[in-house]
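Scroll down for the structure; my scribbles are underneath it.
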Amino acid sequence: MLHPDNVYQEAKRKEDENYKFRTYLKMHADEMELDRQFQRLHRELFADYDCSQCRNCCKQYYGIIPEEDIEKDAAHLGISTEQFIDFFLKKERVGLDYHTKHKPCDFLLEDGSCKLGDCKPDDCKNYPYTEQPEQLWSLLSVLEAVEVCPVAFEIYERLKEEYRFRGKR
Ligand code: SF4
Ligand code: SF4
């Protein structure tokens with residue numbers, strides 16, 4: 001597995017190959033089989049990985065806090081919803097979700113844990129979304145994750161091996 005600090009640079013080095021593999025999957029992969037492959041690799045690789053030693057996702061993105069989470073998040077921190085919004089959040093436009101004021105995310109703690117604990121947003125819990133269905137239609141989002149997440153990077157590399165992709169270019 002790559003060191004988290006090296007993921008972006010390695011992904012950029014492989015950018016062309018990664019886009020070609022996306023095209024290859026679009027043309028040749030079976031949708032259901034591809035989901036099963038992603039899910040198997042996701043479970044296998046995350047089982048042994050300590051995300052607290054990485055946290056690239058929390059460092060490179062703002063935390064996105066859905067409106068419906070605000071009450072429980074504020075209660076988790078022992079403050080009012082008004083204080084929660086005032087201290088931590090901003091919103092670009094009406095209708096959009098709130099996001100944290102800063103990047104790295106304001107809720108990231110030094111030990112790599114999240115200040116919101118189990119109240120962290122579902123999007124954070126599910127990142128890099130490689131266990132979700134319909135991967136064939138989400139490969140651009142996978143390619144984004146490959147630039148951030150060492151596990152997503154490794155999943156994509158293992159898929160290339162499983163499809164013997166290098167021999168087909
Ligand atoms: S989900 Fe990926 S980017 Fe986020 S902490 Fe875990 S390994 Fe790192
Ligand atoms: S809310 Fe927590 S898990 Fe989500 S980006 Fe911020 S620190 Fe990371």
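Throughout, read-outs are computed from the coordinates displayed, never taken from laboratory work. The model shown is predicted, which means the values in this text are computed figures rather than measured ones. FYI the Cβ positions are ideal-geometry reconstructions off the backbone, even for glycines, and counts take in every protein chain you see.
Taking the centroid of alpha carbons for each part, segment 13-89 and segment 105-119 are 14 Å apart.
Counting only DSSP H runs of at least 4 residues, each contributing -39500 (n - 2.57), and dividing by the residue count of the chain, the helix-based mean residue ellipticity at 222 nm comes to -14500 deg cm²/dmol.
Candidate cross-link partners of Lys115 among the aspartates and glutamates, defined by an alpha-carbon separation under 16 Å and a same-chain spacing of 8 or more, comprise Asp69, Glu71, Asp73, Asp106, Asp123. Scaled against 2.2 N^0.38 Å for its residue count N, the alpha carbon radius of gyration of segment 60-124 is 1.02.
Residue-normalised convex hull volume from the C-alpha trace of segment 34-169: 128 Å³ per residue. Expressed as a rounded percentage, what relative contact order does segment 60-124 have, with Cα pairs under 8 Å and six or more residues apart? Relative contact order of segment 60-124: 42 percent.
On average over all directions, what projected area in square nanometres does segment 1-53 have, based on the convex hull of its Cα atoms?
On the way: hull surface 17.8 nm².
Quarter of the Cα hull surface area: 4.4 nm².
Magnitude of the Cβ-charge dipole of the chain, K/R +1 and D/E -1, about the Cα centre, nearest 20 debye? Walk me through the numbers on the way to the answer.
Working: 26 positive and 35 negative charges, 165 e Å.
That gives a dipole near 800 debye.
Counting alpha carbon pairs within less than 8 Å and at least 6 residues apart, what relative contact order, in whole percent, applies to the chain? Mind showing how you got there, number by number?
Numbers: 179 pairs, mean separation 63.1, N = 169.
For the chain, the relative contact order is 37 percent.
Spin-label pair His3-Glu44: with each label point 7 Å from Cα along the Cα-Cβ axis, the two points sit 2.6 nm from one another.
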